[in-house]
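Chemist: Pasting a structure below so you can have a look.
The values are calculated or read from the model by the stated rules, or taken from the named source; none is laboratory data. Note that the structure is predicted; figures quoted are calculated from it, not measured. Cβ coordinates were reconstructed from backbone atoms using ideal geometry, including for glycine residues, and neighbour counts include every protein chain displayed.
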Amino acid sequence: MSGHKPRGRRMGGPRGLGELMGATLGSAKLSRGVQKAQAILAWPQAVGPQVARITRPRTQQGRVLFVEVRDSATAHHLTMQRHHFLKALNALLPDAPIEEIRFSVGTIRTPLDAPRAAPLPAPDRRRAREMARAVTDPELQSVALRAAEAVTRARRWREEQGWRPCPVCAEPSSEQPCRACTLTLEDPNVKRAARALLRNPEQLADLPAVLGDSGTNAARYVALGLLTEQMDLLALECVRSGQETGYREFLAQQAAAFLALTFRKPRLAVGRADRAALPERVRQVLSAGRE
């Protein structure tokens, strides 16, 4: 038997992560390569996207980083600014600072331009004129018209992107309801007005003076939602009870309020053709009751 003893730790023994990394990066050659790679990789972050587009860090020799640019004028300009780049770069490389940056002319591939955003569509001039009609001051009419046209162009653009009309304000939106109306729906005054509309939908005409147009639309939306839920439950009760008279009469009252708010007119002005807007189950129950 040989008396030779194995050196160091046995191959099968446990080794810590730090020891493994130390063994991996132990050679000076590999360590220098890692440091060079760090400087090159950190260059875009240090100089920002505009400078990074027109430069390419080529290599590092010692503490000098060599960077290629497209032409001599750019090389001269960046050389005058290199102290700024050094400061930013070394802030990212505290363990391997760069002492000098040298710019030279090389081959820089021009990056592909980002796709341009589609231009806004033409304004809806008819709608814009209606929006600006409330401005009576001659000196402000042209300004109001241009502003209204800008609004209609933005609206058409949103529609072309597939945005659907907000169920509250009818403006195109990627969210349903839109963000502004979502906030309005949480207003306690809007919720109180919605409950009042359940009892007297004719009050809708008076709400703009109190809540404004956005608050009125929100109160109407909430009331219609509550009426839909109530009508659905009442229709089920009518079916279960065999068209019990009390349930059907109450359902008819709720349906009249629903149609009045839907078409924004008094209950007495609701016609037979308007009933097509009722939920199908409600319409069937009421039709069966008339027979």
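Chemist: Which residues, counting only those in segment 262-271, are under 13 Å from Ala252 (Cβ atoms) and in a helix (DSSP H, G or I)? Spell out the reasoning first.
Modeler: If we filter segment 262-271 for residues that are under 13 Å from Ala252 (Cβ atoms), which is where we start, we get 267, 270.
The one that is under 13 Å from Ala252 (Cβ atoms) and in a helix (DSSP H, G or I): Arg267.
Chemist: If Phe258 meets every condition in (1) at pLDDT below 95; (2) assigned to a helix (DSSP H, G or I) apart from one, which number is that one?
Modeler: (1)
Chemist: For Ala218, state whether it is in contact (Cβ under 8 Å) with a residue 40 or more places away in the chain, under 21 Å from Val270 (Cα atoms), assigned by TED's automatic domain parsing to the domain that holds Val270 and surrounded by 15 or more Cβ atoms within 10 Å (Cβ to Cβ).
Modeler: Answer is no for this residue.
Chemist: Related question: Looking only at segment 223-250, filter to residues that are in contact with a Phe, Trp or Tyr (Cβ under 9 Å, 6 or more places away or on another chain) and hydrophobic (A, V, I, L, M, F, W, C); which one of those is surrounded by the fewest Cβ atoms within 10 Å (Cβ to Cβ)?
Modeler: Leu224
Chemist: Among residues belonging to segment 97-117 that are assigned to a loop (DSSP other than H, G, I, E, B) and in contact with a strand residue (DSSP E or B) (Cβ under 6 Å, 6 or more places away or on another chain), point out the one that is modelled with the highest pLDDT.
Modeler: Here the residue is Ile98.
Chemist: Which condition does Leu120 not pass, out of (1) part of a loop (DSSP other than H, G, I, E, B); (2) surrounded by 11 or more Cβ atoms within 10 Å (Cβ to Cβ); (3) modelled with pLDDT of 75 or more, if it passes all the others?
Modeler: (3)
Chemist: So which residues in segment 135-174 are among the small types (Gly, Ala, Ser) and either within 15 Å of the chain's Cα centre (by Cα) or part of a loop (DSSP other than H, G, I, E, B) (or both), if there are any at all?
Modeler: Hits for segment 135-174 are Gly162, Ala170, Ser173, Ser174.
Chemist: Let me ask something else. Within the group Cys166, Cys181, which residue is on the phi < 0 side of the Ramachandran plot, surrounded by 15 or more Cβ atoms within 10 Å (Cβ to Cβ) and in contact with a Pro (Cβ under 7 Å, 6 or more places away or on another chain)?
Modeler: On the way: Cys181 fails: in contact with a Pro (Cβ under 7 Å, 6 or more places away or on another chain).
Going through Cys166, Cys181 in turn, the sole match is Cys166.
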